[in-house]
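In what follows, a structure is listed as C-alpha cells, so that the remarks can point back to it.
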Amino acid sequence: MRVVFTKGPGTSYDIAVRREAGAALAPRNGPGGHPYLPHDLVHLLVEREAGIELGVFGQLAAGDNGLFWPADPAERTKAARRRKSKGVKSSDRAKSDMARSEELAGIAVPVWEVRRGFAKSLPAYVIRNPIPPVVERIVVYFDDYADRWHALPVGESLTVTW
C-alpha cells in the first residue's frame, strides 16, 4: 500500500491511499497540527516501525475503509449502509493496536521535539515511565521524513509505503 501526503498551506495536508485490497478510497483532508510531522504520517511511521498490524494503516491495507470513504459513489452507499446497520465494530486486537499506536505516537513526538530543539523538556506523562526502545527507531524515521516534509512546497507530495 502507498500513502500519499500532499502538502497544503500552513499545517494542512491531504492524504490518499493506494492499496491492493478493498475498494478504491477517496482522498481526504488530514487534521494538520505540526509543520514537520503531519498527524497521519506520525501514525503511519509509528505503526510501521513498531509492527502494529491492525492500527489505522494496517486496517486500511487489509481492506477496511477506516476514516476514508470509497471513491466510487455506489461503493460509498454500500459502505454507509453497512456501517449504519452493523455499527462500527472493531476486534479486541484492533482496539489494542489502535491504543498502542496512540500511546507510541504520544511518546515519540515529544521525544523527537526535544531532540530537535522544538521543545525544552518532555511532558510529565512521558518521563513517568521508561521510554520503550522502539521509540528510538521511530524518532530516526521522524527525522528523515520531517525534513523532507518541511522542505516540500505547497501542492507537492510525499509517498510512504506501508
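Between 57, 5, the distinction of being crowded, with 19+ Cβ neighbours inside 10 Å and modelled with pLDDT of 95 or more belongs to 5 only. Of all residues in the stretch 1-44, those satisfying the criterion of being under 22 Å from residue 139 (Cβ atoms) and in a loop (DSSP other than H, G, I, E, B) are 11, 30, 31, 32, 33, 34, 35, 36, 37, 38.
All told, residue 146 falls short of being open to solvent by less than 60 Å² (accessible area, probe 1.4 Å), at pLDDT below 95, touching a helix residue (DSSP H, G or I) at 6+ places or on another chain (Cβ under 9 Å) and not in a loop (DSSP other than H, G, I, E, B). Considering only residues in the stretch 68-95 that are outside any helix (DSSP H, G or I), at pLDDT 80 or above and among the hydrophobic types (A, V, I, L, M, F, W, C), the one that is surrounded by the most Cβ atoms within 10 Å (Cβ to Cβ) turns out to be 68. Can you spot a residue in the stretch 104-112 that is open to solvent by 50 Å² or more (accessible area, probe 1.4 Å), at pLDDT 95 or above and not aromatic (Phe, Trp, Tyr)? The answer is no; no qualifying residue exists. Restricting the first member to the stretch 2-13 and to residues that are under 16 Å from residue 42 (Cβ atoms), and the second to residues that are open to solvent by less than 50 Å² (accessible area, probe 1.4 Å) and among the acidic types (Asp, Glu), the beta-carbon pairs closer than 8 Å and six or more apart or on different chains are 3/40; 5/40; 13/40.
Scanning the stretch 20-47 for residues that are over 21 Å from residue 153 (Cα atoms) and open to solvent by 40 Å² or more (accessible area, probe 1.4 Å) returns 20, 22, 24.
Among the residues making up the stretch 118-143, those that are in a loop (DSSP other than H, G, I, E, B) and open to solvent by 60 Å² or more (accessible area, probe 1.4 Å) are 118, 120, 121, 128, 129, 130, 131, 133.
The values are calculated or read from the model by the stated rules, or taken from the named source; none is laboratory data. Everything numeric in this text was worked out from a predicted model, so none of it was measured. As a convention, Cβ positions derive from the backbone with ideal geometry for all residues, glycine included, and neighbour counts pool all protein chains shown. Please note that ligands, DNA and RNA were not included when accessible areas were found on the heavy atoms of the full protein model with its side chains. Shrake-Rupley method; radii C 1.70, N 1.55, O 1.52, S 1.80 Å.
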